[in-house]
Amino acid sequence: MSLPEVHLVAGSAAEAVRLAPVALAMREQQRLTAVPLATGADPDSVGRTFAAFGLTPQITLPSGTGQNETMSRFDELWAARTPAAVIVRDGLAPALAAFWRRVPVLTIDAGRRSGELGSATVHEAQCRLLAQVTTVHLAATPLAAMNLLDERVIAGDTLLTGGTAQDAAEFLAPATNAGRHRVYGTVVLGVGVERAQAIGPAVRYLAGRHRHLEVVRAADVAPGLEFATLLAQAYVMITDDEDLVEESLAAGCPVLMIGPASRHSETLHVGSTRLVDPDPATIASEVARLFESRVRRDAMAAGGNPYGDGLAAYRVAQAAAALLGHGQFPDPMPAHSTAGAVR
């Protein structure tokens with residue numbers, strides 16, 4: 001008897017990183033058949049990321065020119081090959097297509113919100129709409145779960161699983177030599193081109209004082225194992241990208257974060273990130289402090305990763321199986337549980 005198919009829809013490398021451990025957990029639990037699905041503007045990049053975990057997308061479906069066309073493509077796919085459930089992260093179009101086909105939708109990293117009063121970004125609006133068609137909300141943090149309750153999501157439909165980026169980092173750790181070759185002076189810059197140019201003076205100033213400094217732009221590194229290796233070896237990350245904050249902490253790399261404190265209050269609380277203004281003088285000063293004292297840098301890393309404990313993928317896989325009548329829902333992640341250590 002064949003196991004129910006669950007389609008794991010990844011539209012970016014960041015989503016593939018978070019869904020790959022779920023596919024592996026499903027394979028281990030042997031209750032469901034995980035079907036990795038590569039979509040988005042660059043499905044080849046998604047496929048390479050899955051490959052780092054020994055997975056090959058069974059379905060490749062490039063996104064359309066807009067939400068409507070993308071949703072139509074998924075509707076055609078699922079009319080011919082209807083899954084028992086669909087797991088997404090940010091994929092509104094596939095979630096809507098599944099919803100209209102009466103296919104249950106599970107959303108990982110559910111409940112992430114900017115926390116900024118009056119926020120009206122497109123992404124924020126899509127996340128709130130996604131919550132309306134989600135069957136089971138799999139939240140990474142207690143704050144995310146509370147956000148869903150504030151939006152009147154039924155408490156019984158929300159499960160605190162933790163984030164699966166930690167699971168991904170632990171799976172890839174043997175291949176990346178994580179914790180054994182941390183390179184002093186390697187700074188990863190995970191910001192857009194315009195912001196990178198704006199803080200260029202900080203980089204030049206630091207290069208003049210620290211000849212060992214090596215700055216690597218995250219955008220210049222291939223996704224998957226190569227990027228995971230970079231994070232496992234980096235001394236510090238400077239970024240305004242929410243995904244890179246979580247992935248860096250999962251790899252034991254502390255973060256100097258540019259942007260609103262409300263987006264990552266959990267990491268600021270444990271001390272593994274530090275908020276910096278996007279001006280050259282401030283960034284140069286903060287990086288110099290970490291270079292001048294390894295203790296300061298390691299104290300940040302010791303805060304760990306408040307987004308997961310390395311067991312999130314198993315909870316997600318078990319929750320999907322329970323939803324489809326195969327076993328019981330897992331216990332939630334303990335609210336105090338974090339992963340990470342000085343590396």
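The values are calculated or read from the model by the stated rules, or taken from the named source; none is laboratory data. Computed from a predicted structure; not experimentally measured. Cβ: placed from backbone, ideal geometry, glycine included. Neighbour counts: every protein chain shown.
Here are a few things to note about the model shown:
- Residue match in region 269-282 (condition: surrounded by 15 or more Cβ atoms within 10 Å (Cβ to Cβ), in contact with a helix residue (DSSP H, G or I) (Cβ under 6 Å, 6 or more places away or on another chain) and closer than 22 Å to Asp167 by Cα): yes
- Cβ separations smaller than 6 Å between residues 6+ apart or across chains give no pair from region 46-68 residues that are outside the structural domain of Ala25 (by TED's automatic domain parsing) to residues that are of a type in the set (Val, Ile, Thr) and surrounded by 16 or more Cβ atoms within 10 Å (Cβ to Cβ).
- Among all positions in region 308-318, there is no residue which is surrounded by 16 or more Cβ atoms within 10 Å (Cβ to Cβ), within 19 Å of Val215 (Cα to Cα) and hydroxyl-bearing (Ser, Thr, Tyr).
- Region 25-36 residues that are more than 12 Å from Gln318 (Cβ to Cβ), paired with ones that are of a type in the set (D, E, K, R) (beta carbon under 6 Å, 6 or more apart): Thr33/Glu5; Val35/Glu5
- Residues in region 154-206 that are free of Cβ contacts under 8 Å to residues at least 60 places away in the same chain, over 12 Å from Ala232 (Cα atoms) and within 20 Å of the chain's Cα centre (by Cα): Thr158, Leu189, Gly190, Gly192.
- Options Ala80, Ala93, Ala14, Ala41: the member that is touching an Asp or Glu at 6+ places or on another chain (Cβ under 6 Å), more than 18 Å from Ala320 (Cβ to Cβ) and not charged (D, E, K, R): Ala14
- Of the criteria (1) outside the structural domain of Asp243 (by TED's automatic domain parsing); (2) closer than 30 Å to Ala234 by Cα; (3) touching a residue at least 40 places away in the same chain (Cβ under 8 Å), which one Arg113 fails: (3)
- Of all residues in region 306-332 being closer than 30 Å to Val255 by Cα and aromatic (Phe, Trp, Tyr), the one that is modelled with the highest pLDDT: Tyr314
- Check on Arg113, in a helix (DSSP H, G or I), closer than 26 Å to Tyr307 by Cα and either touching a helix residue (DSSP H, G or I) at 6+ places or on another chain (Cβ under 9 Å) or modelled with pLDDT of 95 or more (or both): no
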